[in-house]
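Working notes, beginning with the structure itself.
Every number in this text was worked out from the coordinates using simple rules, so none of it is lab data. Nothing here was measured: the structure is a model prediction, and the numbers come from that model. Using ideal geometry, Cβ is built from the backbone for each residue, glycine included, and neighbour counts are taken over all protein chains shown.
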Amino acid sequence: MDKTELYIPTEIMRQLGGRMFIAMTGAKNMVYDTNSVFMKIGKNSKGVSHFRVTLDPNDTYTVEFFSYSKMNLKLKSSFSGVYCDQLVDIFEGSTGLYCTL
């Protein structure tokens, strides 16, 4: 991928809190394409194990939370029409993890 293809995933991570987000949530195994980011997150009170943010054509995000058990990834909740300033609040409310100090 060249720099232009990394712009959207990089911007999503910046809006979530960047390196602080990764440290606070235990995010790892990040996978990205030209318009989304998918990752595993640390243990939390809501039982969410994976998280995906996808940029939609109308310049809002679709945010999905998954749980993983017995070799099966199950969608727990999904939010569409999310604006960038709502990403952190939705993540914190759905996982119980804080994105920054």
Using Cα springs under 10 Å in a Gaussian network model of the chain, which residue among ASN29, ASN58, ASN44 shows the largest mean-square fluctuation? ASN58
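What longest range of the chain stays clear of loop-exposed chymotrypsin sites (Phe, Trp or Tyr not before Pro) (DSSP non-H/G/I/E/B, at most 15 other C-beta within 10 angstrom)? Provide the component values of the computation, followed by the final result.
Values: sites that count: TYR83, TYR98.
It runs 1-82.
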Classify the chain as rounded, prolate or oblate from the Cα gyration tensor: take a ≥ b ≥ c as the square roots of its eigenvalues, call it rounded if a/c is under 1.5, otherwise prolate when a/b beats b/c and oblate if not. rounded
Highest GNM mean-square fluctuation, the chain, Cα pairs closer than 10 Å: which of MET13, MET39, MET71? MET71
Pop the C-beta distance of LYS28 and SER78 into the FRET formula with R0 = 22 Å and round what comes out to the nearest 0.05. 0.50
Compute the separation of the alpha-carbon centres of the range 53-101 and the range 1-52 and state it in Å as a whole number. 10 Å
The number of Lys pairs in the chain whose alpha carbons lie under 23 Å apart, excluding pairs fewer than 8 residues apart on one chain, is 16
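Under the rule that an exposed site lies in a DSSP loop and has at most 15 other Cβ atoms within 10 Å, name the longest stretch of the chain with no trypsin sites (Lys or Arg not before Pro) of that kind, not counting the sites themselves. Let's see the in-between values first.
Working: sites that count: LYS3, LYS43, LYS46, LYS70.
That would be 4-42.
What number, rounded to the nearest 500 deg cm²/dmol, is the helix-based mean residue ellipticity at 222 nm of the chain, given -39500 (n - 2.57) per DSSP H run of at least four residues and division by all its residues? All intermediate terms of the calculation are to be shown ahead of the outcome.
Values: 3 runs with 26 residues, N = 101.
When only DSSP H runs of four or more count, the value is -7000 deg cm²/dmol.
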